[in-house]
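The structure under discussion appears below in the form of structure tokens.
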Amino acid sequence: MESIALSYFDYLVIGIIMLSGLIAFFRGFIQEILSLLLWIIAFAAAMLLNAYLDPYFINYIDNPEVRRILTIITVFVGIIFLGGLLIKLLRGLVHWSGMGGLDRLLGVLFGFIRGMLLIVVIYLVLPNDIKQSSFIINSQSSPYLKKYAPMAEKFFKSMISDKNSVMLKADISTIYETT
């Protein structure tokens, strides 16, 4: 039987995937997926509601940049807090129904997938000189990263350039406007 030599980078990759899976095991699939959706909704709502809520704070905060940043943060944190309470309630209902074991099993699978996606995103943002280092090139996971990173990069670029993207619907043209 041929042994596979793992590098320190491979152990780091395995550690991140396992940690993500372990966290998801304890939180459960329902909490993990709803938390992910909550963060996306909170971000989108903060960006979209910023323009509507900004006028309410004009009398309190003079600097438009600070006002917009605080408005975005306030909306984001408020939605995360309220959504977190709702998620805890739903998680309690799932465990009360006797589906806790299945919830944890699916949570582990979700965590492993999230860990792998996190590794790909980290790889995407690494400078090229680090990607070309022997630390990464000699790893067993390097061929997989080289294969899947371009796909992820293409996906993220299409998301950003999509005309219907939440990122593009936010009115950022007035962020640096002076009053």
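Let me spell it out: the conditions are (1) modelled with pLDDT of 90 or more; (2) in contact with a helix residue (DSSP H, G or I) (Cβ under 7 Å, 6 or more places away or on another chain), and GLY15 meets all of them except one. Which number is the exception?
For GLY15, the exception is condition (2).
Would segment 49-65 turn up any residue that is surrounded by fewer than 12 Cβ atoms within 10 Å (Cβ to Cβ) and under 21 Å from the mean Cα position of the chain (by Cα)?
Scanning segment 49-65, I find no residue that is surrounded by fewer than 12 Cβ atoms within 10 Å (Cβ to Cβ) and under 21 Å from the mean Cα position of the chain (by Cα), so the answer is no.
Please work out which one of (1) in contact with a helix residue (DSSP H, G or I) (Cβ under 7 Å, 6 or more places away or on another chain); (2) at positive phi is the condition GLY98 fails and give its number.
Result: GLY98 fails condition (1) only.
How about segment 75-134: which of its residues are closer than 30 Å to LEU145 by Cα and aromatic (Phe, Trp, Tyr)?
Those that are closer than 30 Å to LEU145 by Cα and aromatic (Phe, Trp, Tyr): PHE110, PHE112, TYR123.
Would you tally the residues in segment 147-173 being surrounded by 14 or more Cβ atoms within 10 Å (Cβ to Cβ) and at pLDDT 70 or above?
Of the residues in segment 147-173, 4 are surrounded by 14 or more Cβ atoms within 10 Å (Cβ to Cβ) and at pLDDT 70 or above.
Quick check on this structure: which one of GLY21, GLY15 is assigned to a helix (DSSP H, G or I) and surrounded by fewer than 15 Cβ atoms within 10 Å (Cβ to Cβ)?
After ruling out the rest, the residue left standing is GLY15.
Restricting attention to segment 83-134, and to residues there that are among the hydroxyl-bearing types (Ser, Thr, Tyr) and either assigned to a helix (DSSP H, G or I) or in contact with an Asp or Glu (Cβ under 8 Å, 6 or more places away or on another chain) (or both), which single residue is surrounded by the most Cβ atoms within 10 Å (Cβ to Cβ)?
Among residues in segment 83-134 that are among the hydroxyl-bearing types (Ser, Thr, Tyr) and either assigned to a helix (DSSP H, G or I) or in contact with an Asp or Glu (Cβ under 8 Å, 6 or more places away or on another chain) (or both), the one surrounded by the most Cβ atoms within 10 Å (Cβ to Cβ) is TYR123.
Among the residues in segment 62-82, are any part of a loop (DSSP other than H, G, I, E, B), over 25 Å from GLY21 (Cα atoms), free of Cβ contacts under 8 Å to residues at least 60 places away in the same chain and not assigned by TED's automatic domain parsing to the domain that holds LYS146?
yes
The values are calculated or read from the model by the stated rules, or taken from the named source; none is laboratory data. Please read all numbers here as calculations on a predicted model, not as lab measurements. Every residue, glycine among them, receives a Cβ derived from its backbone with ideal geometry; neighbour counts consider all protein chains shown.
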